[in-house]
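A short write-up of the structure that comes next.
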Amino acid sequence: MQEQPIPTELTTLARLFQKAGFSLYGVGGMVRNPLLGLPISDMDIASGLRPEAVLALCKENGLACVPKGIAFGMVEVHVGSLAFEHTTFRADTYGPGGGHRPTAVHFSDTVEADAFRRDFTVNALYRDLTSGELIDPTGGLADLEAKLLRATSPDPALIMRDDALRVMRLARFAAELGFEAEQGTFQAAQAHAGGLKDISGERIRDELSKILLADVKYGIASPGAVYKGLALLDALGALDVILPELTKGRGVAQRQQYHAYDVLGHCLHAADAAEASGGLSLRLAALLHDVGKPVAMAKSGRMYDHDKLGAPIAREILTRLRYPATVISEVSALVAGHMYDLDGKAKESTLRRKFVDWGYERSRAMAALRRADVIGSGKEGSLATAARWDAVLDAMRAEGAPFTEGELAVTGEMLMAELGLEPGPAVGRIKRALLYHCAMRPRDNERARLLRLARDAR
């Protein structure tokens, strides 16, 4: 393993802590990732200094310091352009139910006490930021070499029971790092996956989103990472808790000439196949695009209209997980539209009107979703329809075709003045007709021509 350097901004801070009588340590991803030759993603530091004393130390030395969870020993320290999350060494006590947050916090002065409260050994590595000494209380170095995710406690059930979100974190780190779950840790996570029902929707959302973007976490291609994380969630029983609507597709067979997997397996593979450039919304849409198939089968014994049935289900799922309204709207629209032009026989004029209805960005996402759907089938299918959509979109862009009414060379006010209309639905209908016209004939998007077309249409 080739180690990468710790940020130099920490040197000043470490010296301040040393003057106060405390060693400052990097911990977690700040130590783990450099050992793997990966960029640092988490700026986590720790010491025995109590949170109030950290605030005072920073104030005395002109450093910004923001309380983020004083009761849990957490403050955010700003050094130059970087922000570091400092946590005081502690041991935690949890109540029954695995509800993520400890019921009692006991501050400590030792690295060892702090290490055994953490989730996995590879996240419990510490680096003394003054001396450079590496401290490994839980055997994380050996697990790093073996690419294993192992609970810090000799009894991994304690780790998973105390905080059920660690079940999802196990899948997330497996996906991001390409590691495997140690058997005892896997079994403990499987036994306590039910505790995810007590975790907030926001926490579930954040971990699910990270899994869906695991292949681009560190800016390097990692094919299969998304599927690895999702499949592990399924094997652990976590998907049944967090996405029960999706797991209704487990065992639901599909036509073998088109699909190698059942509905659930297809959705997991489609999410993995979705292009990273499409971002989180595309990955979510690929994961949920066939969520309506089990419902359609239950209603009619066939999968017709599963796109229409699936869109409100996707909306309900994403609302429950507290995704932003923009993401919910985009994903549900993609799910609703993913069966359009399935045979690839739509006329170009029809496609141009549809792309105007969808908008440019959504139209591109629809083409990408179609590719993910085909690739995620596990069968050799045609990508010609998606390629044709992209070609039409490319042509529209090259021709300067408008996709929104705001791109037209006339406004509603111009049309009302020209046609003697009052504000109302008629103006909107005319603008829409002009937009469709210009989608086919972009050169007509000029003021005089559009006003003439509007007059002639009356």
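The values are calculated or read from the model by the stated rules, or taken from the named source; none is laboratory data. Treat the numbers as computed from the prediction; the structure is a model and nothing was measured. Cβ placement follows ideal geometry from the backbone for every residue including glycine, while neighbour counts extend to all protein chains displayed.
Per-residue answers, yes or no, for (1) in the same structural domain as GLY29 (by TED's automatic domain parsing); (2) hydrophobic (A, V, I, L, M, F, W, C); (3) closer than 24 Å to GLU112 by Cβ:
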residue: ALA157; (1), (2), (3): no, yes, yes
residue: MET160; (1), (2), (3): no, yes, yes
residue: ALA164; (1), (2), (3): no, yes, no
residue: GLN183; (1), (2), (3): no, no, no
residue: ALA188; (1), (2), (3): no, yes, yes
residue: ASP198; (1), (2), (3): no, no, no
residue: ARG203; (1), (2), (3): no, no, no
Spans of helices (runs of 4 or more DSSP H) in segment 312-388 with at least 2 residues at pLDDT 95 or above, surrounded by fewer than 18 Cβ atoms within 10 Å (Cβ to Cβ) and acidic (Asp, Glu): 348-358
Matching option when the condition is within 20 Å of ILE242 (Cα to Cα) and not β-branched (Val, Ile, Thr), among LEU129, LEU213, LEU158, LEU141: LEU213
Set ARG117, ARG161: member being at pLDDT below 95, in a loop (DSSP other than H, G, I, E, B) and surrounded by 17 or more Cβ atoms within 10 Å (Cβ to Cβ): ARG117
Segment 274-305, residues that are hydrophobic (A, V, I, L, M, F, W, C), within 19 Å of ARG362 (Cβ to Cβ) and in a helix (DSSP H, G or I): ALA276, LEU280, LEU282, LEU284, ALA285, ALA286, LEU287, LEU288
Qualifying positions in segment 7-43 - in contact with a strand residue (DSSP E or B) (Cβ under 6 Å, 6 or more places away or on another chain), within 16 Å of LEU57 (Cα to Cα) and among the small types (Gly, Ala, Ser): SER23
Residue among LEU280, LEU236 that alone is over 19 Å from ALA298 (Cβ atoms) and in the same structural domain as ILE313 (by TED's automatic domain parsing): LEU280
Some residue of segment 413-422 being part of a helix (DSSP H, G or I) and in contact (Cβ under 8 Å) with a residue 40 or more places away in the chain: no
Residues being more than 18 Å from PHE107 (Cα to Cα) and surrounded by fewer than 19 Cβ atoms within 10 Å (Cβ to Cβ) - total across segment 66-94: 6
Close pairs (6 angstrom Cβ cut-off, 6 or more residues apart or separate chains): farther than 21 Å from PHE173 by Cβ in segment 18-34, of a type in the set (Asp, Glu) anywhere: SER23/ASP128
Every pair of residues 6+ apart whose Cβ atoms lie under 9 Å, when the first sits in segment 225-248 and is more than 20 Å from MET160 (Cβ to Cβ) while the second is basic (Lys, Arg): ALA225/LYS217; VAL226/ARG283; LYS248/LYS293
